[in-house]
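Following: one structure in structure tokens, then a few remarks.
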Amino acid sequence: MDTTENGIVHIRQPATAPQPRRVMVFDTTLRDGEQAPGNVMSAEQKVAMFRRLDALGLDLVEGGFPASSGEDFEAFREMAQGPRASKICAFCRAAERDIDIIAEGLGSSGNAQIEILLVGSEIHLEHKRRITAEEAIEEAVRSVRHAASLGFDDIAVAPEDATRGSLPFLERLLKASVEAGARTVAIPDTVGCALPHEFAALVRAIRSWVGPDVILSAHCHDDMGLALANTLAALEAGADSFQATLCGIGERAGNTALEEAIAQLRLNGPRMGLATDVALEPVIEAAHALREMIRLPLMPTKPLLGTEARTVTAPTHLGWVRTAEAWPVRPVAALRPNAIMVGGTPRNAITRRLAEAGVVIDIDKIDAVCDRLAADPTPTASTITAPWSPSIAKWPTAAPACPAELPQAARRPLSCPAGPPGPSAPGGHHRRELFSAKLTKIFCV
């Protein structure tokens, strides 16, 4: 029988299924996630969010890019030298000055990783850095050795734009970096151009170059909507770790969303031979905390987080929408509850909505209720009940204020008396939208 743990319904696996491999989780909300308009955080906000991320049980939390500004340096130093459970990571360019600044920020705290950005494609060699492949490799080796000389024992290299780099160049670059002392290779799909099977093939190729002892970490961007798919493909292909951000924030279209990746590993990990010990609910809570901190707008349908992410309208779904086992991700405290908006054949939905309000109507009257709703541009409680139920217990005497997060109200002004003024008649709405708006106006829930 299927089991449930941490809000996830786990599909029963065959008795012969191999032991899942634990995946390392790396959060880059405070560095890559901040690199987008509107996402910039103050030093105090960064430290507060770092504490929240540290409490999630992640393997690594990237504390920022200390060499980028004095404020970033001070925030990183406070994170690194304060109490923490996670290993902290700092990002830098392949420059001795950047590496020295990170060492200064760490002090004697230890338990840290330094991630050095390398040139990973001929496009960047020619058009961004304007250096030769040999110069890029020499720069990488020199930077890794300098970090090692300062006492860093966990050195990661990240060849920027690796998915557009040629395999011969990447092989030379990464072999030289590992020989110089790098222990981790982050594999960035910097512009989100890779397909899952291509990214998986790149992971396997890099594994064949650097051997089994080097940690491979997937870093995917969502420009083409494939960040999560590419991350999972990389993990299935043998990557040890993945990098992600809360809410998927980041440059351009963002990064792999941490909450979505954790949900996938909790739900489908056993079928992929993968596992994580990071719980989903605290991650979702942290994502909402970040959203509030930076006033991040989210699409209503944003998976796991959006206001309509668990809302259905199709009448065929209403029979099971309230059954927890029907949803792969069960309703946990951090998830919005299942919601019902009336669909095109609203008999079941109207019956359920009336029952929730304490209203009892004979089932053979439902068709008449539908007709009355369709005909009345400004429905009230009596539109539904009169003349069939003249006295109804528990009928609300006044509609409560419409919840602020109800996107239905913002998009359909008639759905809530507290919403912005709208046309007096429903106009061009379809029948299914009419029922949804009118019932919401009456019940305001």
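The values are calculated or read from the model by the stated rules, or taken from the named source; none is laboratory data. Being a predicted model, the structure only gives us computed values, none of them experimental. Cβ atoms come from the backbone with ideal geometry, glycine included; neighbour counts cover every protein chain shown.
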- Does region 55-81 hold any residues that are more than 18 Å from ALA244 (Cβ to Cβ) and out of contact with any helix residue (DSSP H, G or I) (no Cβ under 8 Å at 6 or more places or on another chain), and which are they? SER68, SER69, GLY70
- Message: So, in region 273-298, exactly how many residues are modelled with pLDDT under 95 and either in contact with a Lys or Arg (Cβ under 7 Å, 6 or more places away or on another chain) or more than 27 Å from GLU44 (Cα to Cα) (or both)?
- Response: 1
- Out of (1) over 15 Å from LEU53 (Cα atoms); (2) more than 14 Å from the chain's Cα centre (by Cα); (3) surrounded by fewer than 16 Cβ atoms within 10 Å (Cβ to Cβ), what's the single condition that is false for THR276? (3)
- With ALA36, ALA75 as the choices, which residue is farther than 24 Å from VAL214 by Cβ, touching a residue at least 60 places away in the same chain (Cβ under 8 Å) and not in a strand (DSSP E or B)? ALA36
- Query: Does ILE155 qualify as being buried (at least 21 other Cβ atoms within 10 Å of the Cβ) and in contact (Cβ under 8 Å) with a residue 40 or more places away in the chain?
  - Reply: yes
- Message: If I ask for residues that are at pLDDT below 95, surrounded by 11 or more Cβ atoms within 10 Å (Cβ to Cβ) and either within 20 Å of LEU235 (Cβ to Cβ) or not assigned by TED's automatic domain parsing to the domain that holds THR184 (or both), which ones from region 6-42 would you list?
- Response: ASN6, ILE8, HIS10, ILE11, GLN13, ALA17, PRO20
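Has region 110-122 got at least one residue that is assigned by TED's automatic domain parsing to the domain that holds GLU138 and assigned to a helix (DSSP H, G or I)?
Within region 110-122, the first condition is being assigned by TED's automatic domain parsing to the domain that holds GLU138, and the residues that meet it are 110-122.
Now restrict to residues that are assigned to a helix (DSSP H, G or I): 122.
The answer is yes, given that some residue of region 110-122 is assigned by TED's automatic domain parsing to the domain that holds GLU138 and assigned to a helix (DSSP H, G or I).
Conditions (1) in contact with a strand residue (DSSP E or B) (Cβ under 7 Å, 6 or more places away or on another chain); (2) aliphatic (A, V, I, L, M); (3) in a loop (DSSP other than H, G, I, E, B), marked per residue:
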residue	(1), (2), (3)
PHE26	yes, no, no
GLU71	no, no, no
ARG97	no, no, no
ALA136	yes, yes, no
- Yes/no for ARG52 being surrounded by 13 or more Cβ atoms within 10 Å (Cβ to Cβ), in contact with a helix residue (DSSP H, G or I) (Cβ under 6 Å, 6 or more places away or on another chain) and either modelled with pLDDT of 95 or more or part of a helix (DSSP H, G or I) (or both): yes
- Note on the structure: All-but-one check, GLY306 against (1) part of a loop (DSSP other than H, G, I, E, B); (2) of a type in the set (Gly, Ala, Ser); (3) out of contact with any His (no Cβ under 8 Å at 6 or more places or on another chain); (4) assigned by TED's automatic domain parsing to the domain that holds PRO196, failing number (4)
